[in-house]
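I have placed the structure first, in the form of C-alpha cells, so that the comments after it can refer back to it.
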Ligand code: GLN
C-alpha cells in the first residue's frame, strides 16, 4: 500500500508539499483499522499521533527546522517504555502499568521528530519465537494468516510487513528481531550489544538484550540506528564508542570476503530446500566476485543449551521484581501471608512460558547445580565468543540462514518447547557473543513463505553490516501484503 517506500522518498514528497504528515498518519491509521485482525498493535495512539503530525506540518509550513525523522511513523514493541503510556510486556502481571519515563531510544526518536503511533504485540516478556505467548493473543503473519509471524517481536514485524507503520522497534535477546523479520519477509537488525541504550527496555536477560529495528529498506533501518545508537548516562553498558555515519551509499558496490559456517549449513535441522537455496546463493556471490569460504564451527550444538541456561538464569533474577507490590497485577485474595501473597500474585500474573523459564533459571542458579549448569554455560559462552571472533577477524562477514525453516503454522510448536528452542539455533549465536547481525530477505520457499540470509560482522561494524545487507538483499522478496 505504502505510497512511499522509504523515508527518503517520503521526505522528498513531504518537503515538496505533495503530502503532509497528517495525511501520512491518517493513511496508516486507516490501514491499522482495516487489518485489525492481525492483532499487531496492543494500543494505537490515534489522537496523539495526529496532533504531533499537525504540529509538524505547521512547523514545516512556516519554514522551521525539523528533525531528521520528521513525520516518520514508528511502532514500538510493548517492552519499550514511553512515558505516560501503558507498557505491559504482553503480560497480565503488568496490567494497567504506565511508564514513568521513556526509553532513551524513544526519547531520541521523538527528539528527531518521529511520530510514535502505538505499541506492538509480542511474546510475554519477549520470551518466545511465535508471538503465541502474548497474554493478548497471537499476532498473525500477514502473508499467510494460518502462520505465526515469529517472535518475540511478532507485532513489530507484522506492523512493518503489512505497512501499518514505516519502521518499528523490537528487542532481540536471542533472535527476536531477526527471526520474525525472516518469517515476515522484511529486514531486521540487532545491533552490537551496547550500541543502543537499554534504558527503558524491560529486561529479559540483561547481558543479551538489545533494541533492534525493523524496516523494508536498509537505508530506513540505518537512519533509525543513527538516531538511537550511542552512549547514554542512564545505561552503563551502552558503549562510549562514537557512532559512525551509517548512511548507505547506493553506489557502494564492493567485493567482500565472506564465510559461512559449514556446521550451520549442513546441520540436520535445516530445511533441505533452504539448504540448496543457500548453496546456490553462495555460488551466485562467487559469480559476482565475492569470496565465499566455509569455516568450521563445531560448537554449534552447544549454543542453544548455553543460551537457555544463561538467559533463564538472568530472567529469574530480572523478573523477581514483579511481586504484586510494586507494579501491575496484585492478587485479589485477602488475608494472605506475605510469601503466599507473592506466590499468588506471580502465579496469577505470569503465563506458562514465563513460569517455565523462571523455574529453569532458579534451578540452574541453585547452590547444588550452579557449577554444573550456570558456570558451565558461561564457559561455553566464552569458547563460542573466542571461536566466532577468531573467524570474524579473518572475514568481512559470516553468512548463514536466519532460521532453519520458514514460518511455523499457528499451534505447530506451542506444545513442544524444546522444538521451539532448537529453532533458535542460528540466531542466539550473535547474542551470546554480542556481535551485530541482520536478516534480509533473499528467497521464497515452495510453500510460498519468505526466508532471509543472516549477516554477522565484528562488534561495532554496523556500517559495513548495513552496506553488505544493502548489496545482498533481494528487493523482489520483500513482503508486499
Ligand atoms: N526465541 C528466543 C527466546 O525465546 C528469543 C527471544 C528474544 O530474542 N527476546 O528466548
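Read the figures in this text as sums done on the coordinates, not as results from a lab. Worth saying up front: this structure is predicted, and the values here are computed from it rather than measured. Glycine also receives a Cβ, built like all others from the backbone with ideal geometry; neighbour counts cover every protein chain displayed.
The table below gives the values:
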quantity: Contour excess over end-to-end distance, with Cα ends at residue 476 and residue 301 and 0.36 nm allotted per residue; calculated: 59.6 nm
quantity: Estimated FRET transfer efficiency when R0 is 35 angstrom, pair residue 332-residue 43 (beta carbons, to 0.05); calculated: 0.90
quantity: Inter-probe distance in nm under a simple model that places probes 7 Å from Cα toward Cβ, at residue 58 and residue 390; calculated: 6.3 nm
quantity: For the range 226-303, alpha-carbon Rg over 2.2 N^0.38 Å; calculated: 1.59
quantity: D_trans [Stokes-Einstein, Kirkwood Rh over alpha-carbon pairs] for the range 361-412, 4 °C, 1.567 mPa s, µm² s⁻¹; calculated: 90 µm²/s
quantity: Semi-axis lengths, Å, the range 239-387, gyration tensor of Cα atoms, sqrt of 5 times eigenvalues; calculated: 45, 21, 17
quantity: Percent of beta bridges antiparallel (DSSP, the chain, rounded to nearest 5); calculated: 65 percent
quantity: Residues in the range 230-268 that a label on residue 286 would reach, taking backbone N under 16 Å of a point 7 Å out along Cα→Cβ; calculated: 256-262, 265-266
quantity: Where labels lie 7 Å past Cα in the beta-carbon direction, separation of residue 359 and residue 266 in nm; calculated: 4.0 nm
quantity: Gained length - residue 36 relative to residue 352, 0.36 nm times residue gap less alpha-carbon distance; calculated: 111.2 nm
quantity: DSSP-defined beta bridges in the range 13-159 - what % are antiparallel, rounded to 5; calculated: 45 percent
quantity: Globularity index of the range 1-127, i.e. its alpha-carbon radius of gyration over 2.2 N^0.38 Å; calculated: 1.10
quantity: Computed FRET value (nearest 0.05) for residue 447 with residue 371, which takes r as the C-beta separation and R₀ as 45 Å; calculated: 0.50
quantity: Residue-averaged [θ]222 nm for the chain, counting only DSSP H segments that reach four residues, each worth -39500 (n - 2.57); calculated: -11500 deg cm²/dmol
quantity: Estimated distance in nm for a label pair at residue 9 and residue 339, the labels positioned 7 Å out from Cα along Cα-to-Cβ; calculated: 6.3 nm
quantity: Efficiency of FRET from Cβ geometry, residue 68 and residue 233, R₀ 22 Å, rounded to 0.05; calculated: 0.45
quantity: Coordinate range along principal axes, alpha carbons of the chain, Å, largest first; calculated: 65, 55, 44
quantity: Scattering profile of the range 287-335 at q = 0.13, 0.17, 0.22 Å⁻¹ [log10 I(q)/I(0), Debye over alpha-carbon scatterers]; calculated: -0.62, -0.75, -0.88
